[in-house]
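These notes are about the structure you will find just below.
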Amino acid sequence: LTARVLSNGGNVTLDANSNGPLTNGTQTIPWSEILATSNDTALPVPAVDGATTTVLAGTNGVANESAEWTFAYSNTAIVEAGQYDGRVTYTASVL
């Protein structure tokens with residue numbers, strides 16, 4: 001996933017919230033089982049816990065960051081095969 005944050009309003013907060021765990025009928029996978037990495041430490045992937053906020057520092061009032069985010073299943077939980085659905089919403093806000 002290509003992520004980009006561009007703002008001329010100074011520092012930016014970036015956070016993530018989900019609509020619940022990944023689901024397949026009654027089977028679930030918690031988001032903690034999904035490993036998220038960024039190829040740029042200046043734009044890390046926010047944790048999907050709704051409580052952790054990442055602050056991107058603006059330089060001279062401008063925040064301009066981009067990164068490739070990669071997601072993988074950590075495979076520590078044994079779950080039934082199938083398609084698991086869920087949604088994460090990433091929100092960028094000027095401080």
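The values are calculated or read from the model by the stated rules, or taken from the named source; none is laboratory data. Being a predicted model, the structure only gives us computed values, none of them experimental. Reconstructed Cβ throughout: ideal geometry from the backbone, glycine too, with neighbour counts over all protein chains shown. To get the accessible areas, we keep the full protein, side chains included, count just its heavy atoms, and leave off ligands, DNA and RNA. Shrake-Rupley method; radii C 1.70, N 1.55, O 1.52, S 1.80 Å.
Volume of the convex hull of the chain (Cα atoms only), normalised per residue: 91 Å³. For the chain, the share of DSSP beta bridges that are antiparallel, to the nearest 5, is 100%.
Our note on the geometry: Cα centres of the range 18-43 and the range 80-95, 7 Å apart.
Heavy-atom accessible surface of the chain, averaged per residue, reaches 62 Å², computed with a 1.4 Å probe.
The residue list ILE78, THR52, LEU95 was ranked by how far each Cα lies along the charge dipole of the chain toward its positive end, using unit charges on Cβ atoms, and LEU95 comes out on top.
Charge dipole of the chain (Cα centre as origin; +1 on each Lys and Arg Cβ, -1 on each Asp and Glu Cβ, all else neutral): 180 debye, rounded to the nearest 20.
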